[in-house]
Amino acid sequence: MLELKNIRFDVLEGHEEIGIIRDVSFTIPDNKFVVVTGPNGGGKSTLARLIAGIEKPTAGNILLDGEDITDKSITDRARMGISYAMQQPVRFKGIQVLDLLRLAAGKRVSVSDACQYLSRVGLCAKDYIHREVNASLSGGELKRIEIATVLARGTKLSVFDEPEAGIDLWSFQNLIQVFEQMRDSIKDSSILIISHQERILEIADEIIVVADGMIERQGSRDEILPSLIGTTSAVGVCVPLGGKPAQVPPIPVDQNGNPVPKNKLQGGEA
Amino acid sequence: MEFKKLDEIQKRILMEVADLHTVPEGAFNIRSDGQLAGRASSANIEIVSKEDGSGIDIHIKPGTKNESVHIPVVLSKSGLHDVVYNDFYVGEDCDVIIVAGCGISNCGGMDSEHDGIHRFYVGKNAKVRYVEKHYGEGDGTGKRILNPVTEVYMEEGSHVEMEMVQIKGVDSTDRSTVAKVAAGASLIVKERLMTHGEQTAASGYYVDLNGDGSSADIVSRSVARDKSYQKLDLRINGNAACSGHTECDSIIMDEGRILAVPQLEANCTDSALIHEAAIGKIAGDQLIKLMTLGLTEKEAEEQIVNGFLK
């Protein structure tokens, strides 16, 4: 069980302190699949980084199974059972997929075991197991390998930061199954996913909507999901890497509501 | 059969530089502290001492396939300055592996130095894989110095692949590799270099692509740790319709410093030459990723460096 208590996270911008996370508290109970959604820039990824220990909160406490881990390092938290899949996974020259899976598993897993993790994320294992985790891999391939490393760890809490980002719609359909399977075999563990994907939200036990560094709403899927459909917090199509759905700029209109031609617009707007 | 004339230190060094536990199969020449410690020729590969005693000539008969030559050098005495000329004559249509390498164990107070000058005359359509490892150890104040010179003369259609590795323990090195590549011939070099402590390393490549259809791919990956310094000088001259690529990819750590000097000279409008050079510290995200897998920062660093130099 993971508990966040009154978490604040401020950053300095110039001389001004900006509150990225402004007093957030929630609990991820065991055996639960929780999805955090909300508009971009609302602080979701920061929450994931705070949980993994990459960022330290300005105030508040984080507890894992009752133990205060606020001051624990990334390594300590990983060893205590927190896994974290990055939104934009990292590339390594010379390190093979197999090496990475072995590091993730923390032991010398056999090639066939390692292959199973890859198969589960929809990669043809024999084509990838000895590939380097370098620039020759596409963004989508890298995301799948990132997810496979979390599967290989098999820890009690798995945090995924926008697993859909950077993956095309067709591939993501298969990836949904990975999360559905994780949902089904959640025994004694819990999963926190940051996602805008309707399909992911549909398999959530609980949904937390984060906006402006605060929890806007939270509750069971049935309570929350209907109100999200049609908003950017629950999109039915995939979004590009970075998580920004395509946005159509508003058409400029005059006082009577008629569209204004571009060449008539005042400074800077054109 | 075990090596008779070598002591434990020498045997260990031999393992480091040539992965040799026992006498190798095929032709070999082992040089220890400036003396011959063992030699064998094979039916197709003949090793003979130069008349003036300055080194050895290795003659590989045309058409020799799937054979190997090992010529490791071991230095375990302090204050020894060993210079040796090794000339390889590789016949046409050969397909051979040549394993060289030098290890120095210097526990004394005086500098030990080995300068190996290797010249390769590679016949038409021959294929050579050359592996060279350099290694140093010992806690004496004397420096361990290696200044190898490699010259490669490649005839039409030949192919040479060189792996040059120097990962540990050499205080000072100034390596120079010169290649002249004829039509249709290709040269591939993979260099791996790591320096630490106060070490300095200079590595220069000077490749002439002289014939149409010739090519060279020189890739150097290096890591400079502690207060070490490296200078990497990669030059390709395109003198014909050829293609050349150099890549200098370096990680700096601690107070390490690196100067990369990629140079291309196109002397023919049909030469296609590319260079890439990048120097930087280990990316923070790489460390973070491995730490989220449960590694400490130090362990993460080791994994990243090991992978990079693999």
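Within the range A:197-204, is even one residue surrounded by 23 or more Cβ atoms within 10 Å (Cβ to Cβ), out of contact with any Pro (no Cβ under 6 Å at 6 or more places or on another chain) and closer than 26 Å to B:Met291 by Cβ?
No: zero hits.
Give the number of residues within the range A:150-172 that are assigned to a loop (DSSP other than H, G, I, E, B) and closer than 25 Å to B:Leu290 by Cα.
Filtering the range A:150-172 for residues assigned to a loop (DSSP other than H, G, I, E, B) gives A:154-156, A:162-168.
Retained after the next criterion (residues that are closer than 25 Å to B:Leu290 by Cα): A:154-156, A:162-167.
Total meeting the criteria: 9.
Okay, residues lined up against (1) without any contact (Cβ under 8 Å) to a residue 24 or more places away in the chain; (2) of a type in the set (A, V, I, L, M, F, W, C); (3) in a helix (DSSP H, G or I); (4) within 14 Å of another protein chain (Cβ to nearest Cβ):
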{"residue": "A:Leu100", "(1), (2), (3), (4)": "no, yes, yes, yes"}
{"residue": "A:Ser112", "(1), (2), (3), (4)": "yes, no, yes, no"}
{"residue": "A:Asn134", "(1), (2), (3), (4)": "no, no, no, yes"}
{"residue": "A:Ala148", "(1), (2), (3), (4)": "no, yes, yes, yes"}
{"residue": "A:Asn174", "(1), (2), (3), (4)": "no, no, yes, no"}
{"residue": "A:Asp188", "(1), (2), (3), (4)": "no, no, no, no"}
Practice problem: Kindly list the number of the only condition in (1) surrounded by fewer than 19 Cβ atoms within 10 Å (Cβ to Cβ); (2) touching a residue at least 12 places away in the same chain (Cβ under 8 Å); (3) out of contact with any helix residue (DSSP H, G or I) (no Cβ under 8 Å at 6 or more places or on another chain); (4) of a type in the set (Ser, Thr, Tyr) that fails for A:Thr46. | Solution: (1)
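Only one of B:Arg225, B:Arg175 is over 18 Å from the mean Cα position of the chain (by Cα), in contact (Cβ under 8 Å) with a residue 12 or more places away in the chain and closer than 24 Å to B:Glu16 by Cβ; which? Steps first, please.
Values: B:Arg175 fails: over 18 Å from the mean Cα position of the chain (by Cα).
Residue meeting the stated conditions: B:Arg225.
Quickly run through the range A:101-143 and pick out the residues that are among the aliphatic types (A, V, I, L, M) and touching a Ser or Thr at 6+ places or on another chain (Cβ under 6 Å). Before you say what the answer is, go through the steps one by one.
To start, the set of residues in the range A:101-143 that are among the aliphatic types (A, V, I, L, M) comprises A:101, A:103-105, A:109, A:111, A:114, A:118, A:121, A:123, A:125, A:129, A:133, A:135, A:137, A:142.
Residues satisfying the conditions are A:Ala104, A:Ala125.
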Quiz item: Which ones in the range B:20-72 are at pLDDT 85 or above, among the hydroxyl-bearing types (Ser, Thr, Tyr) and over 12 Å from B:Asp87 (Cβ atoms)?
Solution: B:Ser32, B:Ser41, B:Ser42, B:Thr64, B:Ser68
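Look through A:Val235, A:Val210 and report the one residue that is touching a residue at least 60 places away in the same chain (Cβ under 8 Å) and either surrounded by 22 or more Cβ atoms within 10 Å (Cβ to Cβ) or under 16 Å from the mean Cα position of the chain (by Cα) (or both).
It is A:Val210.
Restricting to the range B:56-79, give me the number of residues that are basic (Lys, Arg) and under 17 Å from B:Leu14 (Cα atoms).
Total satisfying the criteria: 1.
Working carefully through the options B:Ala183, B:Ala202, find the one that is of a type in the set (A, V, I, L, M), surrounded by fewer than 23 Cβ atoms within 10 Å (Cβ to Cβ) and not in a strand (DSSP E or B). Break it down into steps so the answer makes sense when it comes.
Numbers: B:Ala202 fails: not in a strand (DSSP E or B).
Among B:Ala183, B:Ala202, only B:Ala183 is of a type in the set (A, V, I, L, M), surrounded by fewer than 23 Cβ atoms within 10 Å (Cβ to Cβ) and not in a strand (DSSP E or B).
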Practice problem: Report, by residue number, each residue of the range B:80-103 that is closer than 19 Å to B:Ser54 by Cα, out of contact with any Ser or Thr (no Cβ under 6 Å at 6 or more places or on another chain) and not charged (D, E, K, R). | Solution: B:His81, B:Val83, B:Val84, B:Asn86, B:Phe88, B:Tyr89, B:Ala100, B:Gly101, B:Cys102
Quiz item: For the subset of the range A:68-88 comprising residues that are part of a strand (DSSP E or B) and closer than 20 Å to A:Leu142 by Cβ, which member is farthest from the other protein chains (Cβ to nearest Cβ)?
Solution: A:Ala85
Quiz item: Among the numbered criteria (1) out of contact with any strand residue (DSSP E or B) (no Cβ under 7 Å at 6 or more places or on another chain); (2) surrounded by 16 or more Cβ atoms within 10 Å (Cβ to Cβ); (3) among the polar types (S, T, N, Q), which single criterion is violated by B:Thr269?
Solution: (2)
Quiz prompt | Residue under evaluation A:Ile215, criteria (1) under 14 Å from the mean Cα position of the chain (by Cα); (2) not in a helix (DSSP H, G or I), criterion not met | solution = (1)
Quiz item: When both residues are 6+ apart or on different chains and their Cβ atoms are under 8 Å apart, which pairs have a first residue that lies in the range B:278-296 and is facing chain A (nearest Cβ under 9 Å) and on the phi > 0 side of the Ramachandran plot, and a second that is surrounded by fewer than 22 Cβ atoms within 10 Å (Cβ to Cβ) and in a loop (DSSP other than H, G, I, E, B)?
Solution: B:Gly294/A:Gly106
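For the range A:52-67, what are the residues that are closer than 21 Å to B:Asp285 by Cα and either surrounded by 15 or more Cβ atoms within 10 Å (Cβ to Cβ) or within 11 Å of chain B (Cβ to nearest Cβ) (or both)? Give the derivation first.
Our first condition is that a residue be closer than 21 Å to B:Asp285 by Cα; within the range A:52-67, this holds for A:52-57.
Answer for the range A:52-67, where residues must be closer than 21 Å to B:Asp285 by Cα and either surrounded by 15 or more Cβ atoms within 10 Å (Cβ to Cβ) or within 11 Å of chain B (Cβ to nearest Cβ) (or both): A:Ala52, A:Gly53, A:Ile54, A:Glu55, A:Pro57.
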Exercise. Residue by residue through the range B:241-251, note down the ones that are crowded, with 19+ Cβ neighbours inside 10 Å and away from chain A (no Cβ under 14 Å).
Key: B:Cys242, B:Gly244, B:Thr246
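Here are some residues: A:Gln88, A:Gln96. Which one is among the polar types (S, T, N, Q) and within 25 Å of A:Glu180 (Cα to Cα)? Please lay out each step first, then the result.
Working: A:Gln96 fails: within 25 Å of A:Glu180 (Cα to Cα).
Just a single option satisfies the conditions, and that option is A:Gln88.
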Quiz item: Restricting the range B:298-310 to residues that are more than 7 Å from chain A (Cβ to nearest Cβ) and free of Cβ contacts under 8 Å to residues at least 24 places away in the same chain, which is surrounded by the fewest Cβ atoms within 10 Å (Cβ to Cβ)?
Solution: B:Lys298
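So how many residues does the range A:64-85 have that are of a type outside the set (Ser, Thr, Tyr) and under 21 Å from A:Val209 (Cα atoms)?
So in the range A:64-85, the residues of a type outside the set (Ser, Thr, Tyr) come out as A:64-69, A:71-72, A:74, A:76-82, A:85.
When the remaining residues are screened for being under 21 Å from A:Val209 (Cα atoms), the result is A:85.
Qualifying residue count for the region: 1.
Take A:Arg120 and decide whether it is more than 23 Å from A:Glu164 (Cβ to Cβ), in contact with a helix residue (DSSP H, G or I) (Cβ under 8 Å, 6 or more places away or on another chain), crowded, with 17+ Cβ neighbours inside 10 Å and of a type in the set (Lys, Arg). Step through it out loud before you land on a result.
Numbers: more than 23 Å from A:Glu164 (Cβ to Cβ): no; in contact with a helix residue (DSSP H, G or I) (Cβ under 8 Å, 6 or more places away or on another chain): yes; crowded, with 17+ Cβ neighbours inside 10 Å: yes; of a type in the set (Lys, Arg): yes.
No: the conditions fail for A:Arg120.
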Quiz item: When only residues in the range A:143-188 that are at pLDDT below 90 and polar (S, T, N, Q) count, which is farthest from the chain's Cα centre (by Cα)?
Solution: A:Ser185
Quiz item: Quick one: how many residues across the range B:148-168 are surrounded by fewer than 18 Cβ atoms within 10 Å (Cβ to Cβ) and over 22 Å from B:Val219 (Cβ atoms)?
Solution: 1
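The values are calculated or read from the model by the stated rules, or taken from the named source; none is laboratory data. Source: prediction; values computed, not measured. All Cβ positions, glycine included, derive from the backbone under ideal geometry; neighbour counts span all protein chains shown.
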